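I have placed the structure first, in the form of structure tokens, so that the comments after it can refer back to it.
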Amino acid sequence: MKIILSHDVDHLYWSQHYFRDLSAQKHLIRHSLAFAKKQIDFNVFKNRLKIFGRIHRIPELLDFHDKNNTTACFFFGMDHALGLIYKPSEAAPWIKKISEKGFEVGVHGIAYADKARIEKEFQTFHRISGLQSFGIRNHYLRMNGYTLEMLSQQGYLFDSTIQGILHPFQINGMWEIPMSLMDASLVPNSQSNMNLETWKNAALLRLDDAQEKEIPYFVVNLHDPYFDEKLFPTTFKWYHWLIEEFKNRGLEFITFGQAVNELNKMQGN
């Protein structure tokens, strides 16, 4: 089994939320309630009240992966929905920077039931990134019975929207490489759950299950804002621990693109 690391980039800067949606207000209410219920301590609460500057933690993750000799795929939105509000032009500098550093980038899809919008997202990312081949993961993992078919027809190299300890499968030349573990769904109330052992134990259950089922690729999704020691100290520590756990088990880190190449060779393509 090999490890594929990924990051969904849902937000870039707080200023983009001030007048475009209600994410800032919802953020303040959510974490105020968590503090009132004593789910987070005062220092964390105080830091989460600072709704200015950048939300993303792309530079920190790039440095982390460089130091750990690991790699990751960063998925960027090309449309708007459910709190993902930045414009493609605002994501473009980061897509370029990440690509130049040798990391994968892909589409964080919004459209999942509209073929024309799916095509628009694909073409926008192609224009911005300059890439001929790339993959997708849909925002909030939204899909219907026709989504994968439409994504494959559009020409995506891979999709990683389905979540579960599952083997990859192919749809019209596109590989579905399921996501094995995502921070937001790993433990209940993930943004306010500060019990590190709970996070570790939940991850170990997934990892042991994956190895028992002999899936070839264990895909991890960490939303980049969680990689912040002041705002999300438990998740920050957990992700460091998780990477070390993979290394201690002797597991190899690869990219989605490398996984697709391996799968195609196994299929004789």
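Would you point out the residue of the stretch 108-133, among those that are among the polar types (S, T, N, Q) and assigned to a loop (DSSP other than H, G, I, E, B), that is modelled with the lowest pLDDT? Steps first, answer last, please.
Applying the first criterion (among the polar types (S, T, N, Q)) to the stretch 108-133 yields 123-124, 129, 132-133.
With the extra rule that they be assigned to a loop (DSSP other than H, G, I, E, B), the set shrinks to 132-133.
On the way: 132: 93, 133: 96.
Among those that are among the polar types (S, T, N, Q) and assigned to a loop (DSSP other than H, G, I, E, B), it is 132.
State all residues of the stretch 23-36 that are over 12 Å from residue 191 (Cβ atoms) and touching a residue at least 24 places away in the same chain (Cβ under 8 Å); if no residue qualifies, say none.
23, 24
Select from the stretch 75-107 the residues that are out of contact with any Lys or Arg (no Cβ under 7 Å at 6 or more places or on another chain) and of a type in the set (Val, Ile, Thr) and write down the one among them that is nearest to residue 64 (Cα to Cα).
The qualifying residue nearest to residue 64 (Cα to Cα) is 98.
If you check residue 265 against the conditions, is it surrounded by fewer than 20 Cβ atoms within 10 Å (Cβ to Cβ) and either modelled with pLDDT of 95 or more or of a type in the set (Gly, Ala, Ser) (or both)?
Details: surrounded by fewer than 20 Cβ atoms within 10 Å (Cβ to Cβ): yes; either modelled with pLDDT of 95 or more or of a type in the set (Gly, Ala, Ser) (or both): no.
Against the criterion (surrounded by fewer than 20 Cβ atoms within 10 Å (Cβ to Cβ) and either modelled with pLDDT of 95 or more or of a type in the set (Gly, Ala, Ser) (or both)), residue 265 does not qualify.
Results for (1) surrounded by 14 or more Cβ atoms within 10 Å (Cβ to Cβ); (2) modelled with pLDDT of 95 or more; (3) not small (Gly, Ala, Ser), shown as yes or no for each residue.
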site	(1), (2), (3)
207	yes, yes, yes
210	yes, yes, no
215	yes, yes, yes
219	yes, yes, yes
222	yes, yes, yes
226	yes, yes, yes
242	yes, yes, yes
245	yes, yes, yes
249	no, yes, yes
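Quick check on my filter: what residues within the stretch 93-107 are out of contact with any Ser or Thr (no Cβ under 8 Å at 6 or more places or on another chain) and free of Cβ contacts under 8 Å to residues at least 40 places away in the same chain?
Scanning the stretch 93-107 gives 93, 97, 100, 101.
Hey, among 178, 188, which residue is crowded, with 18+ Cβ neighbours inside 10 Å and more than 19 Å from residue 116 (Cα to Cα)?
Values: 188 fails: crowded, with 18+ Cβ neighbours inside 10 Å.
After applying the criteria, what remains is 178.
Does the stretch 162-184 hold any residues that are at pLDDT below 95 and closer than 30 Å to residue 196 by Cβ, and which are they?
Passing the criteria: only 184.
The values are calculated or read from the model by the stated rules, or taken from the named source; none is laboratory data. In this text, all values refer to a predicted model and were calculated from it rather than measured experimentally. With ideal geometry, Cβ positions are generated from the backbone for all residues, glycine too; neighbour counts draw on all protein chains shown.
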